[in-house]
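Before any comments, here is the structure.
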Protein chains: 2
Amino acid sequence: MKKFEEKTMQSTEIFKGKVVHLQVDDVLLPNGKQAKREIIHHPGAVAIIPITNDGKLVLVEQYRKALERSIIEIPAGKLEPGEDPALCAKRELEEETGYGAGELTYIQSFATSPGFANEIIHLYVAKDLYKVENKRELDEDEFVSLIEVTLEEAEQMVKNEQIFDAKPAFSLLWMKLNEM
Amino acid sequence: MKKFEEKTMQSTEIFKGKVVHLQVDDVLLPNGKQAKREIIHHPGAVAIIPITNDGKLVLVEQYRKALERSIIEIPAGKLEPGEDPALCAKRELEEETGYGAGELTYIQSFATSPGFANEIIHLYVAKDLYKVENKRELDEDEFVSLIEVTLEEAEQMVKNEQIFDAKPAFSLLWMKLNEM
């Protein structure tokens, strides 16, 4: 779909970081005028809804510097260049929770902030979980703690804003609709 | 919640744009090591689930330069500095759809990309819709077209990836659970 396409007249790279790149594009609008677009490039990510054999949801708590607080999320992580999202989902699930998944099913993908970033998250549900021996280590700048909760407990965490992120918010609704 | 807090040792402003600011923070990790955090500052936004009196969902199609494609979203827009989110929701609903809402109800707020951005979206549902005469204009660099669909049509749009954004994806699940 290319309706209302904005043609790039000039693209200026502002910053190339470890996680994000920032560029500013001069674009030609559908009405012939010009505008600037500030665009964040992100490698994309996966997120996993891990459901234990007794029906609990596995959540991870971590500090998010951008928000200056800890929040509770589902396991998630950035794609390595060229990495298959399903393999990335398995890796991140193991690194963050110590679980392997007998069953990993793709749900859907979505852009998180299309107004300024190209980040796309690929969402999976992981079932038939088992503890991995000698699990892979977290990245050395990553600190997470695990919480296993019932759906009702997770909904309470949304109400008191411990869960404060689009991924688990979407996941809880998805679980309810799929009667998990 | 401050678990695993990362203390800022130094914060460097890289870019101050019209929409986003980018800074890189040197942080002290819980294990005493240091790391860099790339952080996008965003003013925050609102998004609205507008439901017509015959139960249809009002969607907007617009070109998203970051994705280099058009996607179909629910009405949404950035907060002005200090703006009350409910007032912003009314303004954006009117600008993007031409509708006023007899009933505007807050649902919940969530971070969209907490790994690198502080954007928070405040989500509302708008009902008892009426056409506004002499509606407010869109921003001059904004082009949207309106689509009113049933919930089933919207779900089909998720399947074929015309709807490709966390906000409407969440909204559809929310509508189903609230039997709209």
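Between this copy and the others, label points of B:Lys2 are 5.3 nm apart in ascending order, each placed 7 angstrom from Cα in the Cβ direction. Taken over region A:9-76, the convex hull of the Cα atoms encloses 146 Å³ per residue.
With respect to the axis relating copies B and A by rotation, the chain B residue whose beta carbon is closest, plus that distance in Å, is B:Leu173, 2. The length gained by stretching the chain between B:Phe15 and B:Lys127 to full extension, at 0.36 nm per residue less their Cα-Cα distance, is 36.3 nm. Basic side chains Lys and Arg get +1 at the Cβ, acidic Asp and Glu get -1 at the Cβ, and with that the dipole of region A:42-157 about its Cα centre reaches some 200 debye.
Here the Karplus curve 6.51 cos²θ - 1.76 cosθ + 1.60, taken at θ = phi - 60°, turns the phi angles of region A:131-137 into couplings of 6, 8, 7, 6, 5, 4, 7 Hz, with x standing for Gly and Pro. For A:Gln34, the residues 5 or more places off, or on other chains, whose built amide H falls under 5 Å of its own are A:Leu29. Looking at the square roots a ≥ b ≥ c of the eigenvalues of the Cα gyration tensor of region A:48-128, which shape do they give, rounded for a/c under 1.5, prolate if a/b is larger than b/c, or oblate? Because a/c hits 1.5 or more and a/b fails to exceed b/c, region A:48-128 counts as oblate.
Only the Cβ atoms of Lys and Arg (+1) and of Asp and Glu (-1) were treated as charged; on that basis the dipole of the protein assembly as shown about its Cα centre amounts to roughly 420 debye.
Can you tell me the relative contact order of chain B? Whole percent, Cα pairs under 8 Å, sequence separation 6 or more.
Here the relative contact order equals 21 percent.
Per-residue ellipticity at 222 nm computed for chain B from its helices equals -6000 deg cm²/dmol, with DSSP H segments shorter than 4 residues left out and the rest contributing -39,500 (n - 2.57). Short to long, the 10 Å bins of the Cα pair-distance histogram for chain B hold 9, 33, 31, 17, 9, 1, 0 percent of all pairs.
Using a Förster distance of 22 Å, how high is the FRET efficiency between B:Leu138 and A:Glu68, based on the Cβ-Cβ distance and rounded to 0.05? That gives a FRET efficiency of 0.05.
Taking a sphere under 12 Å around the Cβ of A:Ala76 and counting the other residues whose Cβ falls inside, with K and R at +1 and D and E at -1, yields a net charge of -3.
Charges were assigned to the Cβ only: +1 to each Lys and Arg, -1 to each Asp and Glu. The resulting dipole of region B:96-180 about its Cα centre is roughly 320 debye. 3J(HN,Hα) couplings calculated from phi for region A:84-96 with the Karplus curve 6.51 cos²θ - 1.76 cosθ + 1.60 (θ = phi - 60°) are, in sequence order, 5, x, 5, 5, 4, 4, 4, 4, 5, 4, 5, 4, 8 Hz; Gly and Pro show x. Residues whose amide H lies under 5 Å from that of A:Asp165, counting only those 5 or more places away or on a different chain, are B:Ala111; hydrogens are built 1.01 Å from N in the peptide plane. Local charge sum around B:Asp25 (other residues, Cβ-Cβ under 13 Å, Lys/Arg +1, Asp/Glu -1)? Combined, the nearby Lys, Arg, Asp and Glu give -1. Plainly put, the tip 7 Å out from Cα toward Cβ on B:Val19 is 1.9 nm from that tip on each other copy, the closest given first. Per-residue mean of foreign Cβ neighbours for B:16-29 is 4 (Cβ atoms of other chains, 10 Å radius). Put simply, the protein assembly as shown fits an ellipsoid with semi-axes of 32, 26, 19 Å; these come from the alpha carbon gyration tensor as the roots of five times its eigenvalues, largest first.
Laboratory data are not the source of any read-out in this text; all were calculated from the coordinates shown. Not measured: the values here are computed from a predicted model. Neighbour counts run over all protein chains shown; Cβ positions are idealised from the backbone, glycine included.
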